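Chemist: First the structure, which I've put down as structure tokens, then a few questions once you've had a look.
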Amino acid sequence: MRKDYLPMRKQTLFNNDWLFTDKKLDLDASDREFSAINLPHSNKYFNHHNIDNSDYQFISSYRKNFDLQKPTDGSLVFLEFDGVMMACEVYLNGILVGSHLGGFMSFSVNLTEHLKDSQNTLMVYVDSRERKDIPPYGHLVDYLTFGGIYRDVWLKIVHPIHIENIFVKPKDVLTKPFLESIIHLSRYQTGLVVNAVLLDEKDNQVREIHTSVQDKKITLVFDALTIIQLWDLDNPQLYRLDVTLTLDESEIDRSSARFGFREAEFRKDGGFYLNGNRIQIFGLNRHQTYPYIGAAAPARLQQQDAEILKYELACNVVRTSHYPQSPHFLNRCDEIGLLVFEEIAGWQHIGDEKWQNIVLDELQGMIERDRNHPSIILWGVRINESPDHDEFYVRTNALAHALDPTRQTGGARCFLGSSFLEDVYTYNDFSNTVIDPTQQPYLITEFAGHMFPTKIWDGEDRLIEHALLHTKIHNLQKGNTRISGAIGWCAFDYATHIEFGSGDRICYHGVMDTFRLPKWAGYFYQSQISPSKKVVLQAATHWTMGDRSGSGINPLTIFTNCDEVEVLIGDINVGKFCPEKTTYPNLAHPPIIIYGLNEYSAWGQRVFYDLHLIGYIDGHQVAEQRISSDKLPKKLEIKSSTDQLMADGSDIARVAFTITDEFGNPLPYARNIITFKLEGEADLIGENPFPMIGGQAAIYVRARRKSSLITITAQTPGLSEVKVFLKIMSQ
Ligand code: GAL
């Protein structure tokens with residue numbers, strides 16, 4: 001759940017007990033025409049590929065009956081939507097109380113006036129059609145938006161004079177740190193007093209300011225903060241500002257903002273500097289969509305994506321291509337030290353003035369919502385890969401700078417020589433090499449992607465080449481001091497429109513598949529992790545003689561962060577091999593590439609033996625991998641991304657499954673049909689039975705609202721049945 005760092009006002013999740021129908025029903029339609037659901041919700045659930053975007057394009061009705069008395073003390077009641085795809089109208093007790101255009105930003109609706117004294121009925125008509133008048137639509141778009149109330153909804157009850165926004169600006173953090181914070185109130189009145197407490201991560205009070213209020217905009221300065229700890233990638237220290245508002249000595253509101261002390265700057269020398277230290281950006285783009293559930297991923301999955309990017313893919317930056325993403329995702333980036341380039345919604349097309357105004361509103365919403373996140377280092381203020389439009393982009397830049405003077409702007413472009421109106425020249429470089437920049441500062445915001453779509457079940461040549469393309473580009477960008485870094489396209493395979501992808505409506509551009517399971521390119525990223533954090537040893541081979549063009553097993557490519565790897569084929573010790581530093585001098589951990597192995601193979605030895613790799617660091621054995629030469633499926637394995645879920649009706653675990661050889665290596669060409677059975681208070685989301693492809697895949701398990709023990713059993717003929725257990729815990 002999104003944490004509220006204070007018991008501020010009365011703010012509660014409003015995700016449960018909604019009613020849904022995929023039709024636009026009259027406001028007074030009977031409840032019997034709906035089915036019960038909880039949020040986040042996708043207006044349609046899908047198979048993991050072959051997704052027809054016309055299936056989610058309709059107007060649906062979401063209803064919620066709830067008990068809430070109209071406040072008699074003047075309090076205001078707001079409904080806050082974190083995201084509704086793509087447009088909506090909100091009716092309370094039959095009266096239109098709000099509407100919103102655009103699927104990626106939070107918005108708020110004031111319910112107060114039309115609340116009844118008892119039972120209230122809310123109806124939200126959600127228009128999930130790909131409307132040309134709303135970004136990103138108007139022309140072609142290479143991703144699906146899906147539909148529904150797909151993020152959290154909150155009910156907020158506040159005093160009429162309340163805190164609307166807190167903007168915390170740490171300054172001079174490397175020399176004489178101080179904090180300027182701007183607090184916006186809904187209204188000003190005499191007799192108001194503000195109390196602001198600065199707290200460190202352990203809740204220790206660092207400083208306090210107590211002062212009377214003179215205006216609805218309050219500026220507070222905490223100066224001479226000598227003992228603060230910086231927010232950094234390895235030590236992402238977070239602080240909090242708790243703000244209390246009193247009127248004539250009674251507390252009337254509380255709110256808080258979480259932030260970090262850090263200095264992030266792209267400099268004219270080409271580098272990106274975090275707290276004065278140059279950091280070469282090494283990242284991936286992320287779409288917010290998932291198999292089966294569209295974009296309706298609850299907190300846990302959002303947080304896990306951030307963790308996957310940081311801990312499994314070694315990224316230091318993620319780009320939220322191509323829209324503002326979930327608060328849960330961004331909060332987790334703050335907590336684990338993953339930098340973010342967040343951008344406005346859109347794709348290659350700029351619409352008319354009304355369309356542009358939606359973009360400007362979303363830009364404002366994004367910055368006002370997200371400017372306290374220490375992880376965010378750059379605002380993307382151009383529509384991704386759109387043509388130049390100086391008048392529009394002068395406005396987006398000016399708005400971003402006015403709302404947040406502390407951050408630089410960028411905006412991904414796809415042609416060199418486009419107008420440079422931002423602070424950082426951000427360029428999608430699909431040259432399959434690295435173009436030398438002509439502008440500074442300069443960041444590569446995409447590469448690879450459609451230049452090399454790769455499926456997990458592709459032949460081994462292609463999977464290796466895909467991995468080595470990412471290897472090559474990062475090696476080149478790291479070796480060019482005029483480039484601040486590169487963000488590859490992309491982290492995860494994603495659903496797309498008919499004009500893109502591989503014919504089954506999937507863009508296989510990820511270094512991981514749509515289930516967030518790695519291709520070999522994913523292991524290249526992983527291998528860049530420091531071995532002090534995790535030792536990585538993964539051979540990019542199916543270990544078979546006949547899958548490549550020309551056949552054979554040469555060369556053997558190994559993604560590893562070991563110093564050297566010993567290769568044994570059966571009992572034959574082939575020798576120890578070191579990383580390929582000559583070809584990839586700029587990488588912390590170049591792959592190991594070994595030629596001449598065919599003589600040890602079935603052709604040379606008449607028998608094809610198992611492969612055994614042993615990784616060494618400083619002469620010590622630290623890792624090993626064995627790959628079987630007999631490619632027969634030996635095991636079915638399943639693994640849950642968590643062992644417990646919350647009994648909130650929306651929490652989800654990913655249950656990944658693999659068909660493997662005897663040593664646990666996925667067999668990409670296994671064609672088993674896997675059947676799942678679930679016992680307990682949860683539901684399976686996904687294809688059941690699942691026709692295996694690629695040796696690895698996943699289904700999801702969603703908790704119901706009762707605590708229970710869940711058993712998921714997976715079966716396939718010829719292999720032992722396996723189980724995984726999950727606890728569903730009441731909050
Ligand atoms: C880019 C675009 C991305 C994605 C990518 C595929 O041109 O910005 O959204 O479509 O191509 O490689």
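The values are calculated or read from the model by the stated rules, or taken from the named source; none is laboratory data. Just so you know, these numbers come straight off a predicted model, no measurement behind them. Note: ideal-geometry Cβ built from the backbone for every residue, glycine included; neighbour counts use all protein chains shown. These area figures cover heavy atoms from the full protein model, side chains too; ligands, DNA and RNA do not enter into them. Shrake-Rupley method; radii C 1.70, N 1.55, O 1.52, S 1.80 Å.
Chemist: Going by Cα centres, the stretch 615-655 and the stretch 367-432 are how many Å apart?
Modeler: Comparing the Cα centres of the stretch 615-655 and the stretch 367-432, I get a distance of 39 Å.
Chemist: I've got another one for you. Give me the percent of the accessible area of the chain that comes from carbon and sulfur atoms, probe 1.4 Å, all protein chains in place.
Modeler: 47
Chemist: Separation between the V622 and S186 pseudo-spin-labels, each 7 Å from Cα along Cα→Cβ, expressed in nm?
Modeler: For the pair V622/S186, the computed spacing is 5.6 nm.
Chemist: On to the next question. Placing unit charges on C-beta atoms (Lys and Arg positive, Asp and Glu negative, everything else neutral), compute the dipole magnitude of the stretch 151-192 about its Cα centre in debye, rounded to 20.
Modeler: 20
Chemist: With an 8 Å cut-off on Cα pairs and a minimum separation of 6 or more residues, tell me the relative contact order of the stretch 611-655 in percent.
Modeler: With pairs under 8 Å counted, the relative contact order is 26 percent.
Chemist: Give the lysines reachable from K533 as a straight Cα distance under 18 Å; neighbours fewer than 8 places away on the same chain don't count.
Modeler: In chain and number order, the partners are K310.
Chemist: Counting only complete DSSP H runs, which helices of the chain cover 15 Å or more along their long axis at the Cα atoms and score a mean Kyte-Doolittle of -0.5 or above?
Modeler: Once both thresholds are applied, what remains is 390-403.
Chemist: Out of S527, H184, G718, whose Cα points farthest toward the positive end of the dipole of the chain (charges: +1 Lys, Arg; -1 Asp, Glu; placed on Cβ)?
Modeler: Of S527, H184, G718, it is G718.
Chemist: Same structure again: In nm, what is the difference between 0.36 nm times the number of residues separating E564 and D52 and their Cα-Cα distance?
Modeler: 179.6 nm
Chemist: Here is a follow-up. Please give every one of the lysines within straight-line cross-link reach of K217, meaning a C-alpha to C-alpha distance under 18 Å, and leave out same-chain neighbours fewer than 8 residues apart.
Modeler: K169
Chemist: What length, rounded to one decimal in nm, is gained on full extension from K534 through to D234, with 0.36 nm per residue of separation minus their alpha-carbon distance?
Modeler: Length gained between K534 and D234: 106.6 nm.
Chemist: Sticking with this one: ³J(HN,Hα) across the stretch 596-611 via Karplus (A = 6.51, B = -1.76, C = 1.60, θ = phi - 60°), whole Hz, x for Gly/Pro?
Modeler: x, 8, 4, 5, 9, 8, 3, 6, x, 9, 6, 10, 9, 9, 5, 9
Chemist: Given H placed 1.01 Å from N in the peptide plane, which residues other than close sequence neighbours of E343 have an amide H under 5 Å from its amide H?
Modeler: Placed amide hydrogens put T320, Y323, G380 under 5 Å from E343.
Chemist: Can you run phi through the Karplus equation (6.51, -1.76, 1.60; θ = phi - 60°) for the stretch 371-376 and list ³J(HN,Hα) in whole Hz, with x for Gly and Pro?
Modeler: Working through the residues one at a time gives 6, 8, 6, x, 5, 6 Hz.
Chemist: Contour minus end-to-end for D630 and K24, with contour as 0.36 nm per residue of separation and end-to-end as the Cα-Cα distance?
Modeler: Residue separation times 0.36 nm, minus the Cα-Cα distance, leaves 212.5 nm.
Chemist: Do the sum for the chain: with -39,500 (n - 2.57) for every DSSP H run of n ≥ 4, divided by all residues, what is the mean residue ellipticity at 222 nm, to the nearest 500 deg cm²/dmol?
Modeler: -3500 deg cm²/dmol
Chemist: Please list the non-local residues whose amide H lies under 5 Å from the amide H of F282, H modeled 1.01 Å from N, same-chain partners needing a gap of 5 or more.
Modeler: Those lying under 5 Å, H to H, from F282 are N316, V317, A486.
Chemist: Mind checking the dipole of the chain: about its Cα centre, +1 per Lys or Arg Cβ, -1 per Asp or Glu Cβ, Debye to the nearest 20?
Modeler: Using only the charged Cβ atoms, the result is roughly 580 debye.
Chemist: To continue, here is another question. For S75, what charge total do you get from the other residues with a beta carbon under 11 Å from its beta carbon, if Lys and Arg give +1 and Asp and Glu give -1?
Modeler: +2
Chemist: Which lysines have a Cα less than 18 Å from the Cα of K581, not counting those fewer than 8 places away in the same chain?
Modeler: List returned: K472, K478.
Chemist: What are the semi-axes of the equivalent ellipsoid of the chain, taken as the square roots of 5 times the eigenvalues of the Cα gyration tensor, listed largest first and rounded to whole Å?
Modeler: Ellipsoid semi-axes (Å, largest first): 45, 32, 24.
Chemist: Using the structure shown, select from K639/K677; K534/K631; K10/K727; K706/K727; K44/K677 the pairs with a Cα to Cα distance greater than 19 angstrom.
Modeler: Correct reply: K534/K631; K10/K727; K44/K677.
Chemist: Right, here's the next one. Using a basic spin-label model with each label point 7 Å from the Cα along Cα→Cβ, how many nm lie between Q439 and H114?
Modeler: Roughly 4.5 nm, to one decimal.
Chemist: So what is the relative contact order for the stretch 297-430, in percent, with contacts set as C-alpha pairs under 8 Å and at least six apart?
Modeler: 20
Chemist: Using Cα pairs closer than 8 Å and at least 6 residues apart in sequence, work out the relative contact order for the chain, in percent.
Modeler: Once divided by the residue count of the chain, the mean separation gives 9 percent.
Chemist: Alpha carbon centre of the stretch 119-154 versus the stretch 434-470: separation in Å?
Modeler: Between the Cα centres of the stretch 119-154 and the stretch 434-470 lies a distance of 32 Å.
Chemist: How far is it, in nm, from the label point at Y311 to the one at K217 when both lie 7 Å from their Cα along the line to the Cβ?
Modeler: 4.2
Chemist: Work out the charge dipole of the stretch 611-717 with +1 on the Cβ of Lys and Arg and -1 on the Cβ of Asp and Glu about the Cα centre, then indicate which of I674, Y616, G695 is farthest towards its positive end.
Modeler: Final value for the positive-end residue is I674.
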